[in-house]
1. Would you say residue 138 is touching a helix residue (DSSP H, G or I) at 6+ places or on another chain (Cβ under 6 Å), over 19 Å from residue 62 (Cβ atoms) and at pLDDT 95 or above?
2. Considering 113, 140, which residue is crowded, with 20+ Cβ neighbours inside 10 Å, part of a helix (DSSP H, G or I), touching a strand residue (DSSP E or B) at 6+ places or on another chain (Cβ under 7 Å) and at negative phi?
3. Mind checking whether some residue in segment 122-130 is farther than 24 Å from residue 237 by Cα, in contact with a strand residue (DSSP E or B) (Cβ under 9 Å, 6 or more places away or on another chain) and either part of a helix (DSSP H, G or I) or in contact (Cβ under 8 Å) with a residue 12 or more places away in the chain (or both)?
4. Would you tally the residues in segment 91-106 being touching a residue at least 60 places away in the same chain (Cβ under 8 Å) and on the phi > 0 side of the Ramachandran plot?
5. So, restricting to helices (runs of 4 or more DSSP H) that lie completely within segment 1-95, which ones have at least 3 residues that are more than 25 Å from residue 162 (Cα to Cα) and either modelled with pLDDT of 95 or more or in contact with a helix residue (DSSP H, G or I) (Cβ under 7 Å, 6 or more places away or on another chain) (or both)?
6. I'd like to verify a number: residues in segment 174-219 that are at pLDDT 75 or above, in a loop (DSSP other than H, G, I, E, B) and in contact with a helix residue (DSSP H, G or I) (Cβ under 8 Å, 6 or more places away or on another chain), how many?
7. Identify, by number, the condition in (1) surrounded by 20 or more Cβ atoms within 10 Å (Cβ to Cβ); (2) part of a helix (DSSP H, G or I) that residue 134 doesn't meet.
8. Among the candidates 27, 50, single out the residue that is loosely packed, with under 15 Cβ neighbours inside 10 Å, without any contact (Cβ under 8 Å) to a residue 60 or more places away in the chain and within 23 Å of residue 233 (Cβ to Cβ).
C-alpha cells in the first residue's frame, strides 16, 4: 500500500482523471475526499471506489468556496497529507474581441483556484509535518498553445506556481509538483478537439494528434492518475518543483 494512512484531497474528482485518481489513491490505502461541482459525478466516483471515497460538492470558480472546501475536507479527514488541485476548464480560443467574463472564469478555475486552495491547504500539511501538493497544468503550460492562448497562459502560471512553492516550502517538508498531461481521453477533451462542436471535427483532430505522438496513443485518465500516485507517494520523496509531461513523448520533439 503506497499511500497507507495518508489523508488526500482531490478536486475535479467527478469524472476523468480526478475520478481515476480517487479510485487509485483509495486502493493504495489513502483516505480520500473528492471535490467536484457535480453531485452526480461525485456519487459515481464514490460508487466506483466501493465507498472508500468521501464526497464534497463545491464550485471552485468562487474563491470563498475554494477556501471553504479545503477547510471542510480537512475537517472530514482530520488533516491533509496530499492535496491535488486538478480542477480546470477550457478557455476562450480568441484574443481579439475577448469576452472578459469567459476569460475570468477560465483563469479562476485554471489558476486562481490553485493559488487560493494551496494557501488554505498549506497550514494543514505543515501541521502533519509535511506532505505533497500537486497541481494539474498541461503540456500547454510547457509550450505555447496556438489554439488557446488564454488556457496556455493559465497553465504556464500553474507551472510557475508549483516551482515557486516548491522552493518556498521545501524546508517545511512539503513537495510541490505539476502534472502536465497532453490530450487525454476525458469528457473535457471534446472541448479541445472540437471547438466547432462537431463530432467529426473531434475525431479528425484526435486522430491527427494520436499519430503525431511518439507512443501513438492518446493518454487515459489512469495514465495521469498513476503519475499522480507516484508524485504523491514517498517513492518521490526527493522530487519537488517538477512539471512532469504525461504526453507520450509529444513535448520531446
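1. So residue 138 fits the description; yes.
2. Working: 140 fails: touching a strand residue (DSSP E or B) at 6+ places or on another chain (Cβ under 7 Å).
113 is the lone residue from the list that is crowded, with 20+ Cβ neighbours inside 10 Å, part of a helix (DSSP H, G or I), touching a strand residue (DSSP E or B) at 6+ places or on another chain (Cβ under 7 Å) and at negative phi.
3. Here is the first cut: in segment 122-130, the ones farther than 24 Å from residue 237 by Cα are none.
So far as segment 122-130 goes, no, none of its residues is farther than 24 Å from residue 237 by Cα, in contact with a strand residue (DSSP E or B) (Cβ under 9 Å, 6 or more places away or on another chain) and either part of a helix (DSSP H, G or I) or in contact (Cβ under 8 Å) with a residue 12 or more places away in the chain (or both).
4. Within segment 91-106, the first condition is being touching a residue at least 60 places away in the same chain (Cβ under 8 Å), and the residues that meet it are 91, 93.
Now restrict to residues that are on the phi > 0 side of the Ramachandran plot: none.
The total comes to 0.
5. Numbers: elements: 16-27, 39-48, 63-77.
In segment 1-95, 39-48 are the helices (runs of 4 or more DSSP H) which contain 3 or more residues that are more than 25 Å from residue 162 (Cα to Cα) and either modelled with pLDDT of 95 or more or in contact with a helix residue (DSSP H, G or I) (Cβ under 7 Å, 6 or more places away or on another chain) (or both).
6. Of the residues in that region, 10 qualify.
7. All conditions are met except number (2).
8. Numbers: 27 fails: loosely packed, with under 15 Cβ neighbours inside 10 Å.
The conditions single out 50.
The values are calculated or read from the model by the stated rules, or taken from the named source; none is laboratory data. This structure is a prediction, so every number in the text was calculated from the model and none was measured. Note that we place each Cβ from the backbone using ideal geometry, even for glycine, and neighbour counts take in every protein chain shown.
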